[in-house]
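First up is the structure itself, then whatever we jot down about it.
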Amino acid sequence: MNISTIGDDLESNAVQVNEYILSYLDGTPKELYRASSHYISSGGKRLRPYIVLKVSELFGGTSRKAMPAAAAVELIHNFSLVHDDIMDNDEVRHNVPTVHASYGVPLAILAGDILFSKAFQMMAVGGLKEGISENSISEMVSRLSTACINVCEGQAIDMQMASDANQSYSQPDYIHMIEKKTASLFELSCSLGVLSTDNRKVQDLERLSVFGKKIGTAFQLIDDLIGIVGDPLITGKAVGNDIREGKKTFPMVLVLEKVDLNERNKLLKIFGSRNTTDEELKEAIRIISNLGIDKEIRGLAETYALQALESLEAYPDSAPKDALQTSADFIIRRRS
């Protein structure tokens, strides 16, 4: 498998995951469940569940047995998106209106809560149905809970960093934040993939958790880069909101270090201002695009991806290993 073919594999996987999830997101009131399935129905790569399934296959597991875990991770991811969009006041995701823009804030909050709750139901009920042992499910639920806590803590740190207008943050501060906010779910994806199989050892859980944490960090580095200089026609979401919200992402830290005094003052005037006009935002994006930070950020993301790949060296070549290696390459090369 290579970059040119992983898209087909992701799409095939996404169809299966979507069907499984939508079978659980059916109930009354109908409007609540339509809101909760809004992002599932609108598309997406389903990268996290893909990783769950491929890790499971690496240890001789099956997609059917690992599907409850794969779907649960995606539900938690979608829960975080629904609530993040409300907090960030974003209006577009995946080229469609956000949940709160379509259904209103109160119902969107409830939709996120349904997604969160269904993830645990899916893990426990679905896992038992597919023959996963009670001990394994207990460990999986524990790790799911821990990941959810980390995601919430990471989001709170992100908000705190954005609100501290006069406080500067270092690269380690930023990495710590994204390890919690984003990498936690990738680490969870890998550990759940391992735990959904019988043919595993303790060191397998440790190695694959490292793989997930490293590629999750690489993913967010690229995501933050795309959030500043990406093409909205490709990304499917508004570009520049991180600037309006004053988010101290690593790309923005680099930008403020590299610009001259005049451009720095222009950016600081816009940075974190909800009153920024579209023209001012376009000018900020132009300044940032001309700095060439793309290469530097992708280089740092590649470093994390290479560290992730080291965790797979202990395993013989196989189709699942190849898929995981390709997914790491896909993450650092993606444009959306």
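Just so it is clear, none of the values below were taken in a lab; they were calculated from the coordinates. It should be emphasised that the depicted structure is a prediction, and the values quoted were computed from it without experimental measurement. Counting neighbours? That spans all protein chains shown, and the Cβs are built from the backbone with ideal geometry, glycine included.
Can you pick out the pairs among 180/266; 181/248; 129/213; 54/118 whose Cα atoms lie more than 21 Å from each other?
Cα-Cα > 21 Å for 180/266; 129/213; 54/118; rest within.
In whole angstrom, how far apart do the alpha carbon centroids of the stretch 188-230 and the stretch 301-328 sit?
Cα centroid of the stretch 188-230 versus Cα centroid of the stretch 301-328: 10 Å apart.
Let me spell out the model: positive unit charges on the Cβ of Lys and Arg, negative unit charges on the Cβ of Asp and Glu, origin at the Cα centre of the chain. What dipole size does that give, in debye rounded to 20?
Approximately 160 debye in magnitude.
With a sphere of radius 12 Å drawn around the Cβ of residue 10, what net charge do the other residues whose Cβ falls strictly inside it have (Lys, Arg +1; Asp, Glu -1)? Before the final figure, lay out the partial values.
Values: positive: 45, 46, 48, 54, 334; negative: 8, 9, 11.
So the surrounding residues net to +2.
Cβ neighbours within 10 Å, averaged per peptide: list 285-297, 41-53 in order, most packed at the top.
41-53, 285-297
How do the peptides 269-278, 204-213 rank, highest first, by the average count of neighbouring beta carbon atoms within 10 Å per residue?
204-213, 269-278
Given points 7 Å out from each Cα along the Cα-Cβ axis, report the residue 315 to residue 11 separation in nanometres with one decimal.
Distance between the two pseudo-spin positions: 2.6 nm.
Considering Cα pairs under 8 angstrom that are at least six residues apart, work out the relative contact order of the chain and quote it in whole percent.
Taking the mean separation of contacting Cα pairs over the length of the chain, I get 21 percent.
Take the alpha-carbon positions of the chain, form their convex hull, and give its projected area averaged over all directions (one quarter of the hull surface) in nm². Walk me through the intermediate numbers first.
Details: hull surface 64.6 nm².
Convex hull of Cα atoms, orientation-averaged projection: 16.1 nm².
Along the charge dipole of the stretch 3-333, Cβ charges K/R +1 and D/E -1, which of 41, 281, 255 sits furthest on the positive end?
Value: 41.
From the helices alone, meaning DSSP H stretches of at least four residues, give me the mean residue ellipticity at 222 nm for the chain, per-run term -39500 (n - 2.57), in deg cm²/dmol to the nearest 500.
Details: 18 runs with 243 residues, N = 336.
Value at 222 nm, helices only: -23000 deg cm²/dmol.
At a 10 angstrom cut-off on C-beta neighbours, averaged per residue, how do the peptides 78-89, 241-252, 179-190 rank from highest to lowest? Kindly include the intermediate steps, with their values, before the conclusion.
Numbers: 78-89: 19.7, 241-252: 21.6, 179-190: 25.6.
Ranking, from highest mean packing down: 179-190, 241-252, 78-89.
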